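Student: Supplied in structure tokens, the structure appears directly below.
The values are calculated or read from the model by the stated rules, or taken from the named source; none is laboratory data. Computed from a prediction, not measured in an experiment: that's the story for all the values here. Ideal geometry is used to build each Cβ from the backbone, glycine not excepted, and the neighbour counts take in all protein chains shown.
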Protein chains: 2
Amino acid sequence: MKAEIIAVGTELLLGQVVNTNATFISEGLADLGIEVYYHTVVGDNPKRLEELLVLADSRSDLIVLCGGLGPTDDDLTKNVLADHLGIQLVRNQAALDHMNEFFGSRDRPMTPNNIRQIETLEGGIPLPNRTGLAIGSLYLGEKNNYIILPGPPSELKPMFSEQAAPLLVEKFGVHEKLTSRVLRFYGIGESQIVTDLAEMIENQTNPTIAPYAKPNEVTLRITAKTEDDASAKTLLDQVEAEILAVEGEYFYGYGDDNSLEETVVNLLKEHQKSVTAAESLTAGAFQARLADVPGVSEVFPGGFVTYSNETKENFLGIDSTLIEEYGVVSKEIAGVMAEKARELANTDYAVAFTGVAGPDPLEGQPKGTVFIAVAQKDGETVIEQKAFSRDRAYIRQSSVMKGLDMLRRAILNK
Amino acid sequence: MKAEIIAVGTELLLGQVVNTNATFISEGLADLGIEVYYHTVVGDNPKRLEELLVLADSRSDLIVLCGGLGPTDDDLTKNVLADHLGIQLVRNQAALDHMNEFFGSRDRPMTPNNIRQIETLEGGIPLPNRTGLAIGSLYLGEKNNYIILPGPPSELKPMFSEQAAPLLVEKFGVHEKLTSRVLRFYGIGESQIVTDLAEMIENQTNPTIAPYAKPNEVTLRITAKTEDDASAKTLLDQVEAEILAVEGEYFYGYGDDNSLEETVVNLLKEHQKSVTAAESLTAGAFQARLADVPGVSEVFPGGFVTYSNETKENFLGIDSTLIEEYGVVSKEIAGVMAEKARELANTDYAVAFTGVAGPDPLEGQPKGTVFIAVAQKDGETVIEQKAFSRDRAYIRQSSVMKGLDMLRRAILNK
């Protein structure tokens, strides 16, 4: 089955909104084994949309339209498609009830225009909107099939996943499906990993290997095309083992939703260890990142943000002569910050950050110079110096990631 | 001049990458007064790309192609376009020199395939690639004009802004141009602002008013279409005044790159005031956000992350009986956290956060319950209770924004 996605909205053509809907639907259709051949964006213009529908009919079996289901006169997707198919729009009673309930519970009155949102294609299967008002539709034609979805991602996503996707499986069955596994790496760049694995990436057709660079980490998405889950697992296990034979040193976890901080918090819990921090450069970003993980309170009591020399002295009790002697951006101060914080918070580990975020140099140290220390209850303090590049935000973000990885390796004795 | 954008890449159709390039180029073309009528995404398939070029020729004056300029056999954009135009690809000497220099300074050897990246359209204007290897091109045809840009945003963006856009102005002149101004609001939702300004948004054609909801704030982009900058300013000033007459209470600043934290840091500098923080719920996120702003050290010495009861007692000196009496998520504890932190850091203001990020309730308080306090050297402590919804990340982010706004209002005595 060949599919294409048409997003309707002038705001997309003006560059005011990114077309993440096409990405989301593409991923969802890939999971069902339905191949997407085109994405198109067109403005709120009936003539151009009608021309696109004629073109889409000639090349695709399934045409997914998103956007243009709102209450205003600009919102014309349903009207154009109904005209194109020679059918009527009809009011959907369930959607009308849902709308009455919505406005009943609010001060805002329903306007006559809102009624447009509960109109749907005659003969189509209505797709209820759990998170909004505009109803969607799946229309099975003789040759082509159409799905209409609302534009706001908060409405489109649940409608696609909960309503449209199960109907597609029911009506068309799922053929060869795509199964993905994401491997996450820290400490190696995308260009290096691609160079190391060049031959594998090039020759590998099933599973495919797709590298993706995120700030300070690289993920590899390996995707198998199979008829069942068991053979997908076998294929993915095999190629994963080949990849880790080369890059295992940098691998830290699985999954699109995983992260270095989640891995670290889980390791701390597993080993029943706790951590604190003293942050100059990063000013709380490391601790905030740890606390992004639910249940972190088990392993993290709190810590210090010591941005100025005075707070390093007053909060942590660091001797001012030490700062004068070594400079605040130094191996020595990073080490003592971590050690003092660990003692004060009485934890197993403490991570400390001092460095130059820029834009200006500090005490003769260039922008990007960073010292990170991990103090340990049962072990020596580990200190690393880094020279990060790019802007302030990137230097601080890179430092947080490096601190997380140093802590991970300390816990694992790596 | 009518334009369209064609992005080439199977990864886009698989939903693995979002097509942010089309958004970026659209915005850039809008600034030049060039209207974009279509975005299309097509896979790495010569036949489908050639069909698209035939279609694009029939409807657009300027066709911008992005992606598919890499060194591998999948990368075929230039070859398909050259065939389509009946011209040759030629090597570009400057790009070859740049490439030799690049590989000369690295361990990585140049592979024969890399040569493809320095080939460009015969008779076209080469677009040097400051941040990568693949050269781009502007080709002025008899009827249609073409721009070829590399796929990675880090290469595409500078090539478009620094090379392609100035050439477009030189070759075609800039006609009526679009000038935008962004107004930023905190404390009001998008639906409310759209309701309040419904008539204005609907009837206003020049400037247009486009609302955009970001997490915890709303921006209005007002865009004027004029021949010169002075008339743009007049139009924008006028509609801004009308908007602020209704929503002035929530307005905090201008600009796409502005933020509540930048506004607050600038206000602190202006008033020569300093701030610290004691963060439970937000665990450093408030302080890290402040320190996103360069030069924050003038107004922010550091602060505390007091996630557990023990650190509230040990770091801030809060009496444990107080926590027992009122509960840790309470108006009283928020207030005393702020006051103790302000004394310890000797600042003009201190902001404190305590609350329930979830997923589970705490001490009988439901997820989303938050108390935020601002202690002041010259004034009473201000404390607000909020009930935020959604997930952990959103509750913490909402709290940071609310704390920033409370601090902003405290500085302004609002």
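Student: Determine which member of the set A:Gly104, A:Gly70 is modelled with pLDDT under 90 and under 31 Å from the mean Cα position of the chain (by Cα).
Tutor: A:Gly70
Student: If we scan the stretch A:34-50, do we find a residue that is among the polar types (S, T, N, Q), within 7 Å of chain B (Cβ to nearest Cβ) and under 31 Å from the mean Cα position of the chain (by Cα)? Give the derivation first.
Tutor: Within the stretch A:34-50, the subset among the polar types (S, T, N, Q) is A:40, A:45.
Next, from what is left, pick out any that are within 7 Å of chain B (Cβ to nearest Cβ): A:40.
From what is left, the residues that are under 31 Å from the mean Cα position of the chain (by Cα) are A:40.
There is at least one residue in the stretch A:34-50 that is among the polar types (S, T, N, Q), within 7 Å of chain B (Cβ to nearest Cβ) and under 31 Å from the mean Cα position of the chain (by Cα).
Student: From the set of residues in the stretch A:363-392 that are among the charged types (D, E, K, R) and assigned to a strand (DSSP E or B), which is nearest to A:Ile333 (Cα to Cα)?
Tutor: Applying the filter and picking the extreme gives A:Glu384.
Student: Take A:Glu240 and tell me if it is of a type outside the set (A, V, I, L, M, F, W, C), farther than 21 Å from A:Glu27 by Cβ and in a helix (DSSP H, G or I).
Tutor: No; evaluated as a whole, the condition is false for this residue.
Student: Further question on the same structure: Please list, ordered by residue number, the strands (runs of 3 or more DSSP E) wholly in the stretch B:154-230 having 1 or more residues that are farther than 30 Å from B:Leu140 by Cα, aromatic (Phe, Trp, Tyr) and touching a residue at least 60 places away in the same chain (Cβ under 8 Å).
Tutor: Ranges flagged: B:177-185.
Student: If you check B:Asn346 against the conditions, is it modelled with pLDDT under 95 and either among the hydroxyl-bearing types (Ser, Thr, Tyr) or farther than 25 Å from A:Glu298 by Cβ (or both)?
Tutor: Spelling it out, it is not the case that B:Asn346 is modelled with pLDDT under 95 and either among the hydroxyl-bearing types (Ser, Thr, Tyr) or farther than 25 Å from A:Glu298 by Cβ (or both).
Student: Mind listing whichever residues of the stretch A:243-283 are among the small types (Gly, Ala, Ser) and not in a helix (DSSP H, G or I)?
Tutor: A:Gly253, A:Gly255, A:Ser259, A:Ser274, A:Ala277, A:Ala278, A:Ser280, A:Ala283
Student: If you check A:Arg390 against the conditions, is it buried (at least 23 other Cβ atoms within 10 Å of the Cβ), within 11 Å of chain B (Cβ to nearest Cβ) and basic (Lys, Arg)?
Tutor: No, not satisfied.
Student: Give the residue, chosen from A:Val174, A:Val246, A:Val239, that is more than 11 Å from chain B (Cβ to nearest Cβ), surrounded by fewer than 15 Cβ atoms within 10 Å (Cβ to Cβ) and modelled with pLDDT of 95 or more.
Tutor: Sole residue among the options that is more than 11 Å from chain B (Cβ to nearest Cβ), surrounded by fewer than 15 Cβ atoms within 10 Å (Cβ to Cβ) and modelled with pLDDT of 95 or more: A:Val246.
Student: Quick one: in the stretch B:300-313, which of the residues that are more than 7 Å from every other protein chain (Cβ to nearest Cβ) and surrounded by fewer than 24 Cβ atoms within 10 Å (Cβ to Cβ) is farthest from the chain's Cα centre (by Cα)?
Tutor: It comes out as B:Glu313.
Student: Answer with yes or no whether B:Gln287 is within 30 Å of B:Pro361 (Cα to Cα) and assigned by TED's automatic domain parsing to the domain that holds B:Leu407.
Tutor: So B:Gln287 fits the description; yes.
Student: Which members of the stretch A:254-283 meet the condition of being facing chain B (nearest Cβ under 10 Å), touching a strand residue (DSSP E or B) at 6+ places or on another chain (Cβ under 6 Å) and within 15 Å of A:Ala410 (Cβ to Cβ)?
Tutor: Within the stretch A:254-283, A:Thr276, A:Ala277 qualify.
Student: Which residue is farthest from B:Gly173 (Cα to Cα), if the candidates are limited to the stretch B:11-21 and must be in a helix (DSSP H, G or I) and at pLDDT 90 or above?
Tutor: Checking each candidate, the answer is B:Leu13.
Student: Mind listing whichever residues of the stretch A:284-298 are surrounded by fewer than 24 Cβ atoms within 10 Å (Cβ to Cβ) and either part of a loop (DSSP other than H, G, I, E, B) or at the interface with chain B (Cβ under 7 Å from one of its Cβ atoms) (or both)?
Tutor: Those that are surrounded by fewer than 24 Cβ atoms within 10 Å (Cβ to Cβ) and either part of a loop (DSSP other than H, G, I, E, B) or at the interface with chain B (Cβ under 7 Å from one of its Cβ atoms) (or both): A:Asp292, A:Val293, A:Pro294, A:Gly295, A:Ser297.
Student: Hey, among A:Lys340, A:Lys386, A:Lys367, which residue is within 32 Å of the chain's Cα centre (by Cα), over 18 Å from B:Ala291 (Cβ atoms) and not β-branched (Val, Ile, Thr)?
Tutor: After ruling out the rest, the residue left standing is A:Lys386.
Student: Then there's this: Please indicate, with yes or no, whether at least one residue in the stretch B:93-110 is surrounded by 15 or more Cβ atoms within 10 Å (Cβ to Cβ) and of a type in the set (D, E, K, R).
Tutor: no
Student: Any chance you could count how many residues in the stretch A:197-233 are farther than 24 Å from B:Gly151 by Cα, out of contact with any strand residue (DSSP E or B) (no Cβ under 7 Å at 6 or more places or on another chain) and surrounded by 13 or more Cβ atoms within 10 Å (Cβ to Cβ)?
Tutor: 2
Student: Of the residues that make up the stretch A:347-357, is at least one within 14 Å of chain B (Cβ to nearest Cβ), over 19 Å from A:Arg289 (Cβ atoms) and touching a residue at least 24 places away in the same chain (Cβ under 8 Å)?
Tutor: Yes, the stretch A:347-357 contains at least one residue that is within 14 Å of chain B (Cβ to nearest Cβ), over 19 Å from A:Arg289 (Cβ atoms) and touching a residue at least 24 places away in the same chain (Cβ under 8 Å).
Student: How about the stretch B:1-33: which of its residues are under 23 Å from A:Lys47 (Cα atoms), β-branched (Val, Ile, Thr) and more than 9 Å from every other protein chain (Cβ to nearest Cβ)?
Tutor: The answer is B:Ile6, and nothing else.
Student: Follow-up question, since we're still on this one. Mind checking which pairs have a first residue in the stretch A:29-51 that is of a type in the set (Gly, Ala, Ser) and a second that is in a strand (DSSP E or B), Cβ under 6 Å, 6 or more apart or different chains?
Tutor: So the pair list comes out as A:Ala30/A:Leu178; A:Gly33/A:Lys177.
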